[in-house]
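First comes the structure, then the notes that go with it.
Nothing in this text is a laboratory measurement; each read-out follows from the coordinates by a stated rule. These numbers come from a predicted model, not from an experiment. Every residue, glycine as well, gets a Cβ built from its backbone with ideal geometry; the counts of neighbours run over all protein chains shown.
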Amino acid sequence: MTLSVDQSTATLLARDSNQALGIAEFAIGFMRRDFGEPSEAVKEKTRQFFADAAVCGLSAIALGTNAPSVLREEAAAYPHPQGATVFGSSTLVAPEKAILANCSAVREWDSNGTNFGFNPKFGHTAGEFGHNDFYAVPVAAAQMAGRDGAHALRAMILHDEIRGRLAEVFSLKSYRIDHVVHGAIASAAVYGAMMGASAEQIESAIGMTVAHFIPWRAIRAGKQLSDSKGASAAISTEVAVLSMMRSMRGFMGPRDIFRNPEAIWRQFEPTDGDSPFDLVLSHSGDDFAVMGMHFKLGLYEHQSAGALQGMIDLVSANPDLLENPDLIKTIRIVAYQPAFGIIGDPAKRDPKTRQSADHSMVYIVSTLLRKAIDAARASGTGAIADDNDAMWKHLILTPYDFDEKAMFHPETRALMEKIQFAHGGKEYDDNYPDGIPTSVVIETTDGRSLDSGLVMYPSGHARNTTCDLEDILKNKAHVLGQLALDDPDPIFARFREVDSLTSDDLKTMNDFEIRAHGRFE
């Protein structure tokens, strides 16, 4: 079936076409402004995601987390007279190393934006994950090319569009491939378009990226997760940019990679010669992939957002649970696949590393509840906050909620023992990835059954219409920013208003001092 696409706002790359070349031509045309303009709403949403990602990265660096520290040290060993900068530095380094270090920092807390690959308009609901990890690519390319912040913001929109639309049409996780492949393809395309590559050179780089550098989800398996999980996007993007550089020097990678019978697409979803999917890329108006992406309002795996919202709703309506937590007999959380499979893994009921704790449903929810209990005690009245937004701000999960002391807090561990986590079956699965279908039921020792009801669009979700997102994000930026900067607000504003920066401003955007706290434990 041929899709009907409004060509005044979008481009169709049909499954019977060379989509790698099509992505390349689209990227070049988008950056050259051959099409119309993304709406102001799209630009504003991208500004929000970029600033949110940046403050996540700065705080991870300030607390000396391992992977960002190692990769920043690596970047410093590659000075480059026409290079790019890492966060908190004016030193020019090789662009792929600046991108590696900054992507890793942004992703380290697992607290930046998320997409779930859902676009019912075209029936593109593959439901692949993805994250707003890759803004270092447009920034580095703009710094090298002497372009301004508006040009960098446009490239950020382009990157989110390519990787976001790929996530809608092909589920890598279904075949145990890590979702960062979509972002790596976008990185090659965006970097090439910004650096003056031809369409054929970009196609070649995409082909190399897919043919040579496919990361398996082995990086996310195991009882306790490693640095590889958080740095996956950074490492895949580094090699994508290197592939683009190599292609611009004349190296030719495999062409037409989406129809290549030996590449991942047709290996996992065989066809008679076509790609397994059509791809629609927006170039104008409001309907961009970024508009369907979601914010995390603190440090937590986004699959747990529905449970966190349900818990906030329940304790807000029943403050006696916080005044007397012994009333809580059991907590039953019901959710969809893959939430149940990923953050409900029995191995994660006893997390011993931060990377495992932030992917443990029982730990995340128990920590939020323990913080609420502590806040109620501290208030002296049992009251915490007046409304939903204030609750999210007051109970924000920070890095210190995942350090060793917090991880083995006896009250948190006791609450974890009260949690039952179950798969809700077809009813829940059918509502994903439209929403994050989750319910929380608390059984009390005095015989009550307190039910959150089905939570679909928790605060931070793209389709949530009730929370004051900008206000909650400002709180998150301030809380995390204070970990890194003596005065975080001006630096946050610099990122938040990136498209107002001149080319000289963009070159020095990362020139500020990050306050170091030592290694995070």
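For Ile364, Ile61, what ranking results if the residue with the fewest other Cβ atoms within 10 Å of its Cβ goes first?
Details: Ile364 29, Ile61 26.
Ordered by Cβ neighbours within 10 Å, fewest first: Ile61, Ile364.
Show me the GluC sites (Glu not before Pro) within segment 248-325 that DSSP assigns to loop and that have at most 15 other Cβ atoms within 10 Å of their Cβ.
Working: sites: Glu262, Glu301, Glu323; in loops: Glu262, Glu301.
Sites meeting the loop and neighbour criteria: Glu262.
Quick one: dipole size for segment 347-488, taken about the Cα centre, charges +1 on Lys/Arg Cβ and -1 on Asp/Glu Cβ, in debye to the nearest 20.
480
For the chain, what is the charge dipole size about the Cα centre, in debye to the nearest 20, if Lys and Arg each add +1 at the Cβ and Asp and Glu each add -1 at the Cβ?
Working: 49 positive and 69 negative charges, 232 e Å.
Dipole of the chain, to the nearest 20 debye: 1120 debye.
By per-residue mean of other Cβ atoms within 10 Å, what is the highest-first order of 370-379, 95-104? Don't jump to the answer; show the numbers that get you there.
On the way: 370-379: 17.4, 95-104: 29.9.
In descending order of packing, they fall as 95-104, 370-379.
Suppose every K and R has +1 on its Cβ and every D and E has -1 on its Cβ; what is the size of the dipole of segment 14-292 about the Cα centre, in Debye to the nearest 20? Walk me through the numbers before you get to the answer.
Working: 25 positive and 31 negative charges, 97 e Å.
For segment 14-292, the charge dipole is close to 460 debye.
5 Å is the cut-off here: which amide hydrogens, built 1.01 Å from N in the peptide plane, fall below it relative to Gly83, excluding neighbours closer than 5 in sequence?
Under 5 Å from the amide H of Gly83: Val93.
Helix-only mean residue ellipticity at 222 nm, the chain, DSSP H runs n ≥ 4 weighted -39,500 (n - 2.57), per residue, nearest 500. What is it? Intermediate results must be reported in sequence, preceding the final value.
Working: 22 runs with 246 residues, N = 521.
Computed mean residue ellipticity for the chain: -14500 deg cm²/dmol.
Excluding residues fewer than 8 places away in the same chain, name every one of the aspartates and glutamates whose C-alpha is closer than 19 Å to that of Lys97.
Counting by Cα, and skipping residues close in sequence, Lys97 has these aspartates and glutamates nearby: Glu73, Glu74, Glu108, Asp133, Asp227, Glu238, Asp511.
Taking segment 1-80, which trypsin sites (Lys or Arg not before Pro) meet the DSSP loop condition and have no more than 13 other C-beta atoms within 10 Å?
Details: sites: Arg15, Arg32, Arg33, Lys43, Lys45, Arg47, Arg72; in loops: Arg15, Arg32, Arg33.
Sparse-neighbourhood loop trypsin sites (Lys or Arg not before Pro): Arg32, Arg33.
Would segment 14-292 count as rounded, prolate or oblate if I go by the C-alpha gyration tensor, calling it rounded below 1.5 in a/c and otherwise prolate when a/b exceeds b/c, oblate otherwise?
Details: a/c = 1.35, a/b = 1.24, b/c = 1.09.
The shape class here is rounded.
Taking θ as phi - 60°, what are the ³J(HN,Hα) couplings along segment 328-335 by the Karplus curve (6.51, -1.76, 1.60), each to the nearest whole Hz, with x for Gly and Pro?
Taking θ as phi minus 60°, the curve returns 7, 8, 9, 10, 10, 10, 10, 8 Hz for segment 328-335.
Starting with the fewest neighbours, write out His461, His394 ranked by other beta-carbon atoms found within 10 Å of each beta-carbon.
On the way: His461 24, His394 15.
By the 10 Å Cβ count, ascending, the order reads His394, His461.
Using a simple spin-label model with points 7 Å from Cα along the Cα→Cβ vector, what separation in nm is obtained for Ser379 and Asn324?
So the two model labels end up 1.8 nm from each other.
Distance cut-off 26 Å, Cα to Cα: go down the list Lys329/Lys476; Lys43/Lys229; Lys173/Lys371; Lys173/Lys405; Lys329/Lys371; Lys371/Lys476 and report the pairs above it. All intermediate terms of the calculation are to be shown ahead of the outcome.
Working: Lys329/Lys476 32 Å; Lys43/Lys229 30 Å; Lys173/Lys371 33 Å; Lys173/Lys405 33 Å; Lys329/Lys371 18 Å; Lys371/Lys476 16 Å.
Checking Cα-Cα distances, Lys329/Lys476; Lys43/Lys229; Lys173/Lys371; Lys173/Lys405 exceed 26 Å.
For Leu485, enumerate residues with amide H under 5 Å from its amide H, sequence gap 5+ or separate chain, H modeled in the peptide plane.
Correct list: Arg515.
Taking amide H positions as placed 1.01 Å from N in the peptide plane, with prolines and chain starts having none, which residues 5 or more places from Ile177, or on another chain, fall under 5 Å of its amide H?
It is Arg217, by chain and number.
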